[in-house]
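The structure under discussion appears below in the form of structure tokens.
The values are calculated or read from the model by the stated rules, or taken from the named source; none is laboratory data. Owing to the predicted nature of the structure, the values given are computational and were not obtained by experimental measurement. Counting neighbours? That spans all protein chains shown, and the Cβs are built from the backbone with ideal geometry, glycine included.
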């Protein structure tokens, strides 16, 4: 049913687009002839069937990594993958950067300009200008229901209001208080990997689905820290409650990028009933947490518990309650933490462990450096940070960042000093994925080289482009890095990690974009006890 509606909308939309674009091209060409001496850069526009191909690919927006011949030929003698390249076929918008040999191109969708860029200078300028360039409206209609009245969806004074409240929970001091909770949860995972056997011997091997495992781990961590709720998804693989919640999150994330969702404002969709039910479930969980937390605050000597989960001391919900903001604002921000706090972290950790498993020399170097440090000094391990930054560069959690222009900008200089004009209500999309693999920025951009960060100039700006930049840089960035350091160090000190895919059983390593960049198929890694 969704496919039929999509086809009808695409056919009608494409027909209307042809008429509108012919008129626009006529007007633009006339203006260009009258202003032949104008220095303004003409941005190339996909036309005709090329645009139809582009638009279809944009809606799907998949990124696939496949072992092409160039990758096979660039393997090292020890079998490590030396180079990673995306499949630049027609199923990715990155193709057009190569087709047009440009860092910026534009398409016009029913007369509305949309600019795609991998120009770091344009990204710096626009992402740092929160007044003239704001986050675009939620075209899927999912986020606005999940996280309305939150820092994620607000602008201007309302955004600053949320930011001021949330700076304290995510301060360096408060994040340090979260460390024991993170460490104890990772220890629970290690016990679970060891199958509860305390007499595990060196060389014992455990095969695990790394993405599923990291999802459970980060879900338990963010549940405890955000609402003081232990989902117990690690300790109990048969826990239907945590499994259902995790599947519901997965469903919501996939709904955000379904092409037909762009028409949800005008058409009732087949999955709406399920989507709204899941969103209501999350709101109920958060409301129960608020109610229980209020009871604890009013009766600090009491204890509130349930049959399967317990509300405990937490570091995110309490400051929100004490800030006297309304319940809808609390729910919106907590849902943001639950969604972003476990999904992006799980993806980052999945990619890190996969890369370490396929680059043995880097894994060995990191292990040696970690072994020489105490758990209290892990944050001083520079090479660990380099591994995290390099993984974020290759696989940014948010591969595309969008901004909407609030006024017309007469000139904007890009990487190659071209002059651009940006009309009002232009949608500007930054391909973080492409920026991070731009050879003008990174030498050997498709190679996993953590050591590059030791000597890279302008390091701070580039290492955190994956968290956005400017005033709207991800507020949970510090927490995410601390969490990743702890999880990587504890697991790597306990296990050697290898990637040994089983032929005809394990599917190839493939990534795709939904709300975040994630793995398309399970990645099974071998954890070998040290």
Between residues in the range 388-408 that are assigned to a loop (DSSP other than H, G, I, E, B) and residues that are at pLDDT 90 or above, which pairs lie under 7 Å by C-beta distance while being six or more apart or on different chains?
395/351; 397/347; 397/348
Residue pairs within 8 Å by beta carbon, gap of at least six or interchain, first lying in the range 170-185 and in the same structural domain as residue 334 (by TED's automatic domain parsing), second assigned to a helix (DSSP H, G or I) and surrounded by fewer than 17 Cβ atoms within 10 Å (Cβ to Cβ), listed first then second, are 170/478; 172/478; 175/478; 183/375
Exactly one condition in (1) modelled with pLDDT of 85 or more; (2) within 15 Å of residue 401 (Cβ to Cβ) is false for residue 482; which is it?
(2)
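So, residue 174, is that one over 30 Å from residue 330 (Cβ atoms) and over 21 Å from the mean Cα position of the chain (by Cα) or not? So that I can check it myself, show each step before the final result.
Values: over 30 Å from residue 330 (Cβ atoms): no; over 21 Å from the mean Cα position of the chain (by Cα): yes.
Considered against the rule, which asks whether it is over 30 Å from residue 330 (Cβ atoms) and over 21 Å from the mean Cα position of the chain (by Cα), residue 174 comes out as no.
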When every residue in the range 448-468 that is modelled with pLDDT of 75 or more and not in a helix (DSSP H, G or I) is compared, the one nearest to residue 125 (Cα to Cα) is 468
The range 186-215: number of residues that are part of a helix (DSSP H, G or I), without any contact (Cβ under 8 Å) to a residue 60 or more places away in the chain and within 20 Å of residue 500 (Cβ to Cβ)
1
Residues being surrounded by fewer than 19 Cβ atoms within 10 Å (Cβ to Cβ), modelled with pLDDT under 65 and touching a helix residue (DSSP H, G or I) at 6+ places or on another chain (Cβ under 9 Å): count how many of those fall in the range 389-415.
2
Boolean, residue 273 is in a helix (DSSP H, G or I) and modelled with pLDDT of 80 or more:
yes
Can you find a residue in the range 234-251 that is at pLDDT 80 or above, surrounded by fewer than 17 Cβ atoms within 10 Å (Cβ to Cβ), farther than 30 Å from residue 494 by Cα and touching a helix residue (DSSP H, G or I) at 6+ places or on another chain (Cβ under 8 Å)?
yes
Residue check, residue 162 closer than 30 Å to residue 428 by Cα and crowded, with 17+ Cβ neighbours inside 10 Å
yes
Conditions (1) in a helix (DSSP H, G or I); (2) over 21 Å from residue 453 (Cα atoms) -> residue 377 fails only (2)
Do we find that residue 506 is in contact with a strand residue (DSSP E or B) (Cβ under 7 Å, 6 or more places away or on another chain) and either part of a loop (DSSP other than H, G, I, E, B) or in the same structural domain as residue 172 (by TED's automatic domain parsing) (or both) in this structure?
yes
Conditions first: (1) surrounded by fewer than 21 Cβ atoms within 10 Å (Cβ to Cβ); (2) under 30 Å from residue 511 (Cβ atoms); (3) modelled with pLDDT of 90 or more. Residue 184 passes all but one, so which condition is the exception?
(2)
Determine if the range 368-378 includes at least one residue that is touching a residue at least 12 places away in the same chain (Cβ under 8 Å), within 25 Å of the chain's Cα centre (by Cα) and either surrounded by 12 or more Cβ atoms within 10 Å (Cβ to Cβ) or in the same structural domain as residue 488 (by TED's automatic domain parsing) (or both).
yes
Only one of (1) part of a helix (DSSP H, G or I); (2) over 24 Å from the mean Cα position of the chain (by Cα) is not met by residue 160, so which one is it?
(2)
